Amino acid sequence: MLNRTEAIVVGAGVAGAMTALELRKRGASVTLIDRWEPGHWRAASTDYNRIIRAISGRDEFYTRWVRDARERWIELQAETGQKLYYENGALILATEGHCDWEDATQDTFQKVGVPYQRFKAEDVPLHFPQFKTDDIAYALYEPEAGMVMAQRGVQAAVGLFERLGGKVARGRATTDRSETLHLDGKKLEADLIVVATGGWMKEMFPKTISPILGLVGMSVLYTSTPDGDDSFDQSHMPCWIDHGQGSFGLSSVEGSGVKAAVVIPDEIDLTNDERLIKRSTLSRTQSYLRTRLPGLVGQRVVDSKFNGISITPDTHFIVDWHPEHENVLFAGGCSGHLYKHGPTFGDFVAGVGLREYGTADRFKIAGRRKLSPKESPSGR
């Protein structure tokens, strides 16, 4: 029987796009609203690419979700005919004396059945000569990992949503003192309203969401590969996470250059700040690359991105109902790791929104607390 639910999804980033698509697949009448065009550069879920990997410490929940999401990205790629996923693996570098997250991941991988290999520090360059690893304890390599094309993934999901009969609209949603939603000054009304506005959720819901949602800016640089050298391309090099150095990166894909970030969060004003990186970030990242990827010494930065990331105290997502508006469901709290979960997250949110099941305890608004690095799925 066709679902006759009238639904509105506010926010067309990966969380909103995937939720709208899954609601439409379930038969709901859905309108997806954003202030800008889906895939716009102010969204946290844009950029060229994102790592998809199952490593989550001792957290089996997210490990299983990523494994499911990987299959769904592959299915979406086939369904849309667009290249969305490159499976070039992920290399996790474990720092001597600070390997709790990586140690726990090995146990989780074995329980869940995630393929992986463990390399001694001196053996990493034998497999991946791009990396200098004499300062690490060991490395984990997850072959069934890689990268998702981020902006393209959002736009592919929105395009499929529209082909299935979903409606996309442009407008700005705001709230009043009671946190009632309005669109361009008119009260929003529907059986279900999903709020997936990323960092803007904090300012839209100062009573309900702001106390549990922080907002930071993160810069990434793209560095040119050397002339005539394809060893830094995704066909020869994995993505990597350098947890002890607070860094991560992705190999060059579709001519992008090597993406790298040293994660030192900056403040960001989502409304007023330009999306430009600071010179200090450039220096920090280039210094890191000289140490970890010496083959890139002397290469030039060819692009950069500065994104606003919302983060909860425990780094878990938010999927919960507004305490005073029974038809308003929050979906977000990305904590820097929502994108890779996108299709699975959207499916889960759609099921909660249609009352097929309740949300998970970890996603509820109440009871949030900061986790130790040993407990956190992100290791921070």
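The values are calculated or read from the model by the stated rules, or taken from the named source; none is laboratory data. Note that the coordinates shown come from a computational prediction; the quantities given were computed from them, not determined experimentally. Cβ sites come from the backbone with ideal geometry, for glycine too, and all protein chains shown count toward neighbours.
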Quiz item: Has the range 143-163 got at least one residue that is crowded, with 18+ Cβ neighbours inside 10 Å, modelled with pLDDT of 95 or more, under 24 Å from LYS374 (Cβ atoms) and within 26 Å of the chain's Cα centre (by Cα)?
Solution: yes
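Restricting to the range 96-105, and then to whatever is in contact (Cβ under 8 Å) with a residue 24 or more places away in the chain and surrounded by fewer than 17 Cβ atoms within 10 Å (Cβ to Cβ), can you tell me which residue is nearest to the chain's Cα centre (by Cα)?
Top of the filtered list is HIS98.
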Quiz item: Out of LEU181, LEU215, which single residue is buried (at least 21 other Cβ atoms within 10 Å of the Cβ) and modelled with pLDDT of 95 or more?
Solution: LEU181
Practice problem: Would you be able to tell me the number of residues in the range 106-120 that are under 24 Å from the mean Cα position of the chain (by Cα), surrounded by fewer than 16 Cβ atoms within 10 Å (Cβ to Cβ) and not in a helix (DSSP H, G or I)? | Solution: 2
Quiz item: Among the candidates ALA196, ALA173, ALA145, ALA156, which residue alone is in contact (Cβ under 8 Å) with a residue 40 or more places away in the chain, touching a helix residue (DSSP H, G or I) at 6+ places or on another chain (Cβ under 9 Å) and closer than 30 Å to LEU93 by Cα?
Solution: ALA145
Quiz item: If you take the residues in the range 289-315 that are within 12 Å of the chain's Cα centre (by Cα) and not β-branched (Val, Ile, Thr), which one is nearest to GLY255 (Cα to Cα)?
Solution: ASN307
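Just wondering, is there one or more residues in the range 305-313 that are within 25 Å of ASP191 (Cβ to Cβ) and either out of contact with any Ser or Thr (no Cβ under 9 Å at 6 or more places or on another chain) or not in a helix (DSSP H, G or I) (or both)?
Checked against the condition, which is being within 25 Å of ASP191 (Cβ to Cβ) and either out of contact with any Ser or Thr (no Cβ under 9 Å at 6 or more places or on another chain) or not in a helix (DSSP H, G or I) (or both), the range 305-313 yields no hits at all.
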Quiz item: Has the range 341-359 got any residue that is charged (D, E, K, R), under 27 Å from PHE232 (Cα atoms) and either touching a residue at least 12 places away in the same chain (Cβ under 8 Å) or surrounded by fewer than 21 Cβ atoms within 10 Å (Cβ to Cβ) (or both)?
Solution: no
Self-check item: Lone qualifier among ILE8, ILE51, ILE55 - being within 25 Å of HIS337 (Cβ to Cβ), in contact with a strand residue (DSSP E or B) (Cβ under 7 Å, 6 or more places away or on another chain) and modelled with pLDDT of 95 or more
Solution: ILE51
Quiz prompt | Single unsatisfied condition, GLU267 versus (1) surrounded by fewer than 21 Cβ atoms within 10 Å (Cβ to Cβ); (2) modelled with pLDDT of 85 or more | solution = (2)
Practice problem: Provide a single number: the residues in the range 360-370 that are in a loop (DSSP other than H, G, I, E, B) and surrounded by 19 or more Cβ atoms within 10 Å (Cβ to Cβ). | Solution: 1
Quiz item: If you check every pair at least six apart or on different chains, which have Cβ atoms under 6 Å apart with a residue in the range 279-301 that is of a type in the set (Val, Ile, Thr) first and a residue that is in a helix (DSSP H, G or I) second?
Solution: VAL297/ARG290
Self-check item: Of residues in the range 234-264 being hydroxyl-bearing (Ser, Thr, Tyr) and in a strand (DSSP E or B), the one surrounded by the fewest Cβ atoms within 10 Å (Cβ to Cβ)
Solution: SER247
Quiz prompt | Pick from the range 10-45, criterion hydroxyl-bearing (Ser, Thr, Tyr) and under 30 Å from GLU375 (Cβ atoms), ranking: nearest to the chain's Cα centre (by Cα) | solution = SER45
Exercise. Answer yes if at least one residue in the range 176-186 is of a type in the set (Asp, Glu) and free of Cβ contacts under 8 Å to residues at least 24 places away in the same chain, and no otherwise.
Key: yes
